[in-house]
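The values are calculated or read from the model by the stated rules, or taken from the named source; none is laboratory data. Nothing here was measured: the structure is a model prediction, and the numbers come from that model. Using ideal geometry, Cβ is built from the backbone for each residue, glycine included, and neighbour counts are taken over all protein chains shown.
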Ligand code: SF4
């Protein structure tokens with residue numbers, strides 16, 4: 001089994017064969033019945049898969065779906081994306097957030113064209129040599145475009161593996177251990193379905209704040225469920241249905257509440273304000289400030305400049321320090 005993130009010196013995990021077969025059988029059957037019909041599940045075109053994977057990182061499926069179609073309509077091939085102006089690519093990314101992903105995607109397209117003659121490498125190791133491709137994306141493209149039986153992890157996969165094989169998040173396993181579980185679990189010859197299925201379970205059922213264990217096909221095999229059920233049985237008596245894991249829920253709520261105070265939030269707002277201008281148009285910082293931060297005052301100009309410096313360093317905006325204006329590249 002190849003692994004998309006680390007060299008093969010990581011700890012090997014021995015899972016009882018019967019338990020593993022049962023887990024695979026249950027999850028694959030559930031996915032065949034309950035998996036969503038998503039456009040990127042109908043293609044093996046590595047460019048399309050790459051676009052979908054980059055968009056899906058930290059963005060909900062429902063927001064990605066129309067954007068994926070529109071992006072591919074505007075940039076139907078690697079060559080059209082590689083040749084586009086960065087401003088057009090950032091504009092096409094509107095509504096997805098994390099705008100740096102758009103430029104990274106374009107850099108990847110340019111590298112596939114210039115270094116590989118337009119043909120994507122098909123192994124995680126070679127995909128990782130491309131700019132903008134990390135271990136997760138390399139594994140996902142190798143698996144979902146080239147049907148390689150590789151193990152890789154995103155937030156959803158990591159969470160399901162943790163709960164299924166280790167226990168609640170209050171007993172966190174190391175990244176290496178989780179990856180070892182991921183490797184051991186991929187069924188030979190069925191990596192595409194397995195990885196789609198485990199991601200889908202994490203998105204629809206084994207969610208961060210409110211795992212819907214009563215609907216989960218893996219409940220009887222799940223360590224976290226056993227722990228939560230035992231804890232509730234001790235308090236409420238045998239046969240009680242377990243309560244939600246309170247620490248997990250609190251963490252998620254805190255994360256959501258604090259997001260609107262983060263630099264990332266304000267960076268996104270600045271790019272969004274510039275994206276609404278016609279191509280090539282500038283906005284002065286005095287005009288931009290109130291569009292970025294409610295209650296903005298001129299005293300916050302140094303803060304705004306600092307924010308824009310960061311965006312300019314990431315090539316997401318062009319900043320004219322002398323005239324104090326900004327625009328998209
Ligand atoms: S039983 Fe609950 S915690 Fe375990 S994998 Fe299913 S949804 Fe997740």
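Of all residues in segment 54-85, exactly one satisfies the criterion of being crowded, with 22+ Cβ neighbours inside 10 Å and in contact (Cβ under 8 Å) with a residue 60 or more places away in the chain, namely 54.
Residues that are more than 20 Å from residue 30 (Cα to Cα) and part of a loop (DSSP other than H, G, I, E, B) were ranked within segment 170-188; the one that is farthest from the ligand (Cβ to nearest atom) is 174. Looking across segment 14-35 at every residue that is in a loop (DSSP other than H, G, I, E, B) and farther than 25 Å from residue 146 by Cβ, the one that is modelled with the highest pLDDT is identified as 16.
Filtering segment 208-220 to residues that are in contact (Cβ under 8 Å) with a residue 12 or more places away in the chain and within 8 Å of the ligand (Cβ to nearest atom) leaves 211, 213, 216, 217, 218. Checked against (1) within 14 Å of the ligand (Cβ to nearest atom); (2) part of a helix (DSSP H, G or I); (3) without any contact (Cβ under 8 Å) to a residue 40 or more places away in the chain, residue 164 passes all but condition (3). Restricted to segment 189-207, and to residues there that are within 11 Å of the ligand (Cβ to nearest atom) and outside any loop (DSSP other than H, G, I, E, B), the residue that is nearest to residue 123 (Cα to Cα) is 198. When the helices (runs of 4 or more DSSP H) confined to segment 44-133 are screened for residues that are closer than 24 Å to residue 202 by Cβ, in the same structural domain as residue 277 (by TED's automatic domain parsing) and in contact with a helix residue (DSSP H, G or I) (Cβ under 7 Å, 6 or more places away or on another chain), none reaches at least 1 such residues.
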